[in-house]
1. Restricting to segment 52-80, name every residue that is touching a residue at least 60 places away in the same chain (Cβ under 8 Å) and among the polar types (S, T, N, Q).
2. Could you list, in sequence order, all residues of segment 170-219 that are at pLDDT 85 or above and surrounded by fewer than 16 Cβ atoms within 10 Å (Cβ to Cβ)?
3. Please identify the pairs in which a residue from segment 131-143 that is touching a residue at least 24 places away in the same chain (Cβ under 8 Å) has its Cβ atom under 8 Å from the Cβ atom of a residue that is among the charged types (D, E, K, R) and surrounded by fewer than 21 Cβ atoms within 10 Å (Cβ to Cβ), counting only partners at least 6 apart or on another chain.
4. Please go through segment 125-169 and give me each residue that is within 9 Å of the chain's Cα centre (by Cα) and modelled with pLDDT under 85, ordered by number.
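The values are calculated or read from the model by the stated rules, or taken from the named source; none is laboratory data. Because the structure is a prediction, the values reported are computed rather than measured. No Cβ is skipped: glycine too gets one built from the backbone with ideal geometry, and neighbour counts run over all protein chains shown.
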Amino acid sequence: MAFGKRAAVGAVLAFFAAGTAQAAAFDFAFTTPSITDQSSYTFTASGGGLSVDVTGSYYNAPGAAGSPFSGYGSIDVENNIYGLISCNPSEEVTYYNYTYCPIPEHAIDSIDGYEAMIFDFGSNVVDLTSVVLGWISDGGYYDLFVGSSLADATYVGNTYDGPVLPQTGSVFIIGTSAINTGECDQQQIYSYYLTCYCDETLNPAIKIAGMSVDTHTPEVPLPATGLILLGGLGGLGALKRRRKG
């Protein structure tokens with residue numbers, strides 16, 4: 001009888017363990033210059049084990065949280081010591097029939113069109129936990145799309161550098177679009193023929209130094225068999241106490 005009870009307890013614990021699998025964490029660093037004017041590029045996590053394909057795109061101004069990503073055209077993918085950047089035709093320089101982007105001068109920005117980087121993990125579903133920016137301008141706000149939907153965050157999807165609310169998916173899109181802050185500080189006050197006015201519009205620009213993701217492990221409900229085993233163990237315990245009484 002003791003062996004049977006131990007076996008039943010072991011089976012129940014195995015069911016619980018299956019429902020609480022540990023997620024694996026992966027960090028991606030984009031600060032080692034390695035790509036120039038590529039339509040797409042595959043990065044591998046530090047230590048290996050997971051890869052992400054990155055492509056660039058223009059997109060239209062997003063609406064409220066939940067609105068779809070409306071992309072068009074393509075932007076070359078590059079990186080430098082500050083992180084992942086983009087290169088559009090207005091930033092390219094031609095030298096002796098060689099066209100390139102001057103390394104420090106460009107970013108994922110919202111000046112000549114709204115620019116975005118698309119991170120595709122393929123068939124892997126992950127939890128995005130952090131986005132690290134190596135360089136920012138105009139506040140460093142960015143739009144975060146999960147799949148093709150704008151996430152719910154500050155400034156209609158624009159969030160800050162660092163940890164983000166865990167977002168689950170296999171495709172994430174990070175872009176910059178002009179935003180109206182509704183505020184006016186000294187840096188935004190301009191003078192034109194002795195007349196001062198305030199520009200409340202920001203045109204954020206960013207360089208993405210890295211991101212962190214966890215493998216997504218949805219909670220598995222305890223199977224009905226496990227509940228039956230628990231009930232059986234409870235019944236055995238009650239019967240034993242009754243006999244002793």
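1. Thr55, Ser57, Ser67, Asn80
2. Here is the first cut: in segment 170-219, the ones at pLDDT 85 or above are 170-178, 203-215.
Residue satisfying the conditions is Ala178 alone.
3. Short answer, once both residue conditions are applied: Val131/Asp161; Val132/Asp161; Leu133/Asp161; Ile136/Asp161; Gly140/Asp161.
4. Scanning segment 125-169 gives Val164, Pro166.
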